[in-house]
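Participant: Take a look at the following structure, please.
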Amino acid sequence: MKTQTDPYYKKFFKVKKSNAKLLSKGELELAVEADVLPEDADLLPGGWILKAAFNQIPAQPIEVFRVTWSVPQIPADLTGQQIFLFMGINNRDILMQCMLKWGRFPGNGEYRWMVSCCHETGGNDTKCTPLQVVNPGAIITAEIIVGRVGNLFYYEMKFLNIPNTYLKSIPVPFLPTCCMVLESYSVASRGGYPSAGTVMEVTNLRTAGGPVHPNWQPRDLISNYGQHAKMIGPDEVLFDYGPQQILA
């Protein structure tokens, strides 16, 4: 969910007991260069873990972007982790997204899968719809419809058939990248992810000229548990959380 100046920048947290401290850039660079971890600490990578993306042609901008996937099962290990599976459109500073989140529900603190739509327009300027609980195994479909006002664009986001998820952005400059992403924080073991991989399928992607089927580029950004992104069809990406999985 969080956006950095470079959305692919890896955040690393030093975890000691129940407290988490963000390592400074200097501390991180020294640890990486020396290949030495701080004593009595774990380094848990967090941020964008896996993605599949393509860049649009500015003269033929996307008008509809729709993705369908299944809500994963509950992770075996519950350690305060947050997991996001989202589809979105972005540049280096702005992200429009429809996200599925694993974490604690604000109302009662229980671990749940939840959906929300957000637009992040740089800095701390973020607006999201209220989190809506969804159940493991449910099939969800997220959609972004793109409109235009002069040289600016606005984005209408929602989950189909899930109330209170509609969100319309303010007008912003052209956003070139369509993406599907696995993002996570504080995942302390392979069991902190669902046991089975997640397939995200693009079910509608079109410009004013009609449907398009671009060359999606999968990328592994962090693979500490063997996570891997793989295209298993022209419009389907598998986010594999690590070895010894069964695809649901």
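Participant: Tally time: how many residues in region 217-246 are among the aliphatic types (A, V, I, L, M) and over 23 Å from ILE74 (Cα atoms)?
Facilitator: Residues flagged as among the aliphatic types (A, V, I, L, M) and over 23 Å from ILE74 (Cα atoms) within region 217-246 amount to 3.
Participant: Could you give every pair whose Cβ atoms fall below 8 Å, whose first residue belongs to region 134-152 and is surrounded by 12 or more Cβ atoms within 10 Å (Cβ to Cβ), and whose second residue is of a type in the set (Gly, Ala, Ser), counting only separations of at least 6 or pairs across chains?
Facilitator: ALA138/SER70; ILE140/SER70; ILE144/GLY88
Participant: Right, something else. Can you tell me how many residues in region 98-112 are modelled with pLDDT of 95 or more and out of contact with any Gly (no Cβ under 9 Å at 6 or more places or on another chain)?
Facilitator: Of the residues in region 98-112, 3 are modelled with pLDDT of 95 or more and out of contact with any Gly (no Cβ under 9 Å at 6 or more places or on another chain).
Participant: Related question: Provide a single number: the residues in region 199-248 that are within 17 Å of the chain's Cα centre (by Cα), assigned to a loop (DSSP other than H, G, I, E, B) and among the aliphatic types (A, V, I, L, M).
Facilitator: Total meeting the criteria: 2.
Participant: In this structure, is PRO61 touching a residue at least 24 places away in the same chain (Cβ under 8 Å), over 19 Å from LYS168 (Cα atoms) and not polar (S, T, N, Q)?
Facilitator: no
Participant: Please identify the pairs in which a residue from region 101-128 that is surrounded by 20 or more Cβ atoms within 10 Å (Cβ to Cβ) has its Cβ atom under 9 Å from the Cβ atom of a residue that is among the acidic types (Asp, Glu) and modelled with pLDDT of 90 or more, counting only partners at least 6 apart or on another chain.
Facilitator: Here the result reads GLU120/ASP93, each pair linking region 101-128 to a residue that is among the acidic types (Asp, Glu) and modelled with pLDDT of 90 or more.
Participant: If THR141 satisfies all but one of (1) modelled with pLDDT under 95; (2) polar (S, T, N, Q); (3) part of a strand (DSSP E or B), what's the number of the condition it fails?
Facilitator: (1)
The values are calculated or read from the model by the stated rules, or taken from the named source; none is laboratory data. Not measured: the values here are computed from a predicted model. Cβ: placed from backbone, ideal geometry, glycine included. Neighbour counts: every protein chain shown.
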